[in-house]
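**Q** Please see the structure below; I have some questions.
The values are calculated or read from the model by the stated rules, or taken from the named source; none is laboratory data. Here the structure is a predicted model, which means the values were calculated and not measured. Every residue, glycine among them, receives a Cβ derived from its backbone with ideal geometry; neighbour counts consider all protein chains shown.
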Amino acid sequence: MVICTCGSVVVRITSWTDLNPGRRFWSCARNGRSCPFLGWVDDLMCHKVVEVIPGLLRRMNNVQMMLIQARADVVKLKWMLILSWFFFFRLYTYALSSSWIWGCIWNLGMEWKELCPFIKDWNGMSCVNLSKIGME
């Protein structure tokens, strides 16, 4: 076990800076920034590796964030789909139970005024009576 100059235990830490990506070093466990630097565990990396690794790490982090966002979007869209199905089912069942819609669709011989009492001005409109056009 290695002891720091301040008397604390030394730990191995990985650097993720742009100049030393993934390079491990020894540092004080208690107060790493105020104690003197103790030394690198790994050898110096190739210049090309030092340039490539930070870009790859940023790209990987961006892809992970996009994946998290896409999963959240999928959950949101699933809920929207479920709610839309519920809404259209309720609308469909309401349409089936509404006599004024079926009165016009199946032409039960009722007048528009009887089917839709909330409309004030009819100007002589009425449902087509099947008996008038010879389709009984």
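This table checks each residue for (1) at pLDDT 85 or above; (2) of a type in the set (Gly, Ala, Ser).
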site: 31; (1), (2): no, no
site: 39; (1), (2): no, yes
site: 60; (1), (2): yes, no
site: 67; (1), (2): yes, no
site: 76; (1), (2): yes, no
site: 80; (1), (2): yes, no
site: 93; (1), (2): no, no
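**Q** For the stretch 48-58: of the residues being over 34 Å from the mean Cα position of the chain (by Cα) and under 12 Å from residue 20 (Cβ atoms), which is surrounded by the most Cβ atoms within 10 Å (Cβ to Cβ)? Even if it seems obvious, please write down each step before you answer.
**A** First, the residues of the stretch 48-58 that are over 34 Å from the mean Cα position of the chain (by Cα): 48-50.
Right, trim to under 12 Å from residue 20 (Cβ atoms) and you get 49-50.
Working: 49: 11, 50: 17.
Only one residue fits best here, namely 50.
**Q** On to the next question. Give the residues of the stretch 13-47 that are of a type outside the set (S, T, N, Q), surrounded by 12 or more Cβ atoms within 10 Å (Cβ to Cβ) and part of a strand (DSSP E or B), sorted by residue number. Break it down stepwise before answering.
**A** If we filter the stretch 13-47 for residues that are of a type outside the set (S, T, N, Q), which is where we start, we get 13, 16, 18-19, 21-26, 28-30, 32-33, 35-47.
Among the residues that remain, those that are also surrounded by 12 or more Cβ atoms within 10 Å (Cβ to Cβ) are: 13, 16, 18, 21-26, 28-30, 32, 35, 38, 40-42, 45.
Once the filter is applied, which keeps residues that are of a type outside the set (S, T, N, Q), surrounded by 12 or more Cβ atoms within 10 Å (Cβ to Cβ) and part of a strand (DSSP E or B), the stretch 13-47 yields 13, 16, 21, 22, 23, 24, 25, 26, 28, 40.
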